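Peer 1: Encoded as structure tokens, here's the structure I'll be asking about.
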């Protein structure tokens, strides 16, 4: 069976042999037992992940396997997804590690029940000043040696831009300054959504800068 994985517009075709699906059934069942205990999906703890959420969790592991070029693990993760979502055709992996944003596309023959789960809605972020946007974009692109591949840049940007964290009643994130080795904090944001929007822009800027010649 074939599963296509999309990472930032790059398509990876994973051809999972039937023997992998058959021999991996015990392993897949163990993954389910692990997730039966609940799972941290980005910022949200989900006590009882449903079928789609479980596949989103495993898709995040698939992303890690592809980043590390671990073919065996990648085949097993793809095998799990194919075994739980037989009509799946493509998984679009969120490069910022937001588990809930991993999306699946199904073949046209899929029944409505197969495709009823959609990408979760997110809160509409409040506006952030242009000055803060520009400052963090500058911090994300300064002093970098580029030339990395997309996968290398994605992994490095994930290390260089922290997740949003809470400080008192406000939210912020940090960006690593490669020249000094110190962390630069973003402005304090009143809401997590504001901070996340700004973080996504900083992550994208760092990711793109790392690929420049």
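The values are calculated or read from the model by the stated rules, or taken from the named source; none is laboratory data. These numbers were taken from a predicted model, which means no experiment stands behind them. In this analysis, Cβ positions are derived from the backbone assuming ideal geometry, glycine residues included, and neighbour counts consider all displayed protein chains.
Peer 1: Within the range 187-202, is there a residue that is touching a residue at least 24 places away in the same chain (Cβ under 8 Å), surrounded by fewer than 18 Cβ atoms within 10 Å (Cβ to Cβ) and assigned to a strand (DSSP E or B)?
Peer 2: no
Peer 1: Quick one: in the range 173-182, of everything that is under 27 Å from residue 213 (Cβ atoms) and in contact with a strand residue (DSSP E or B) (Cβ under 7 Å, 6 or more places away or on another chain), which residue is modelled with the highest pLDDT?
Peer 2: If we filter the range 173-182 for residues that are under 27 Å from residue 213 (Cβ atoms), which is where we start, we get 175-182.
After this cut, where a residue has to be in contact with a strand residue (DSSP E or B) (Cβ under 7 Å, 6 or more places away or on another chain) as well, the list is 175-177.
Values: 175: 89, 176: 86, 177: 84.
So, considering only residues that are under 27 Å from residue 213 (Cβ atoms) and in contact with a strand residue (DSSP E or B) (Cβ under 7 Å, 6 or more places away or on another chain), the one modelled with the highest pLDDT is 175.
For (1) in a loop (DSSP other than H, G, I, E, B); (2) on the phi < 0 side of the Ramachandran plot; (3) at pLDDT 75 or above, each residue gets a yes or a no:
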{"position": "113", "(1), (2), (3)": "yes, yes, no"}
{"position": "117", "(1), (2), (3)": "yes, yes, no"}
{"position": "120", "(1), (2), (3)": "yes, yes, no"}
{"position": "125", "(1), (2), (3)": "yes, yes, no"}
{"position": "134", "(1), (2), (3)": "no, yes, no"}
{"position": "139", "(1), (2), (3)": "no, yes, no"}
{"position": "145", "(1), (2), (3)": "yes, yes, no"}
{"position": "166", "(1), (2), (3)": "no, yes, yes"}
{"position": "171", "(1), (2), (3)": "no, yes, yes"}
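Peer 1: On the given criteria, is residue 87 at pLDDT below 90 and touching a strand residue (DSSP E or B) at 6+ places or on another chain (Cβ under 8 Å)?
Peer 2: Details: at pLDDT below 90: yes; touching a strand residue (DSSP E or B) at 6+ places or on another chain (Cβ under 8 Å): yes.
Yes, satisfied.
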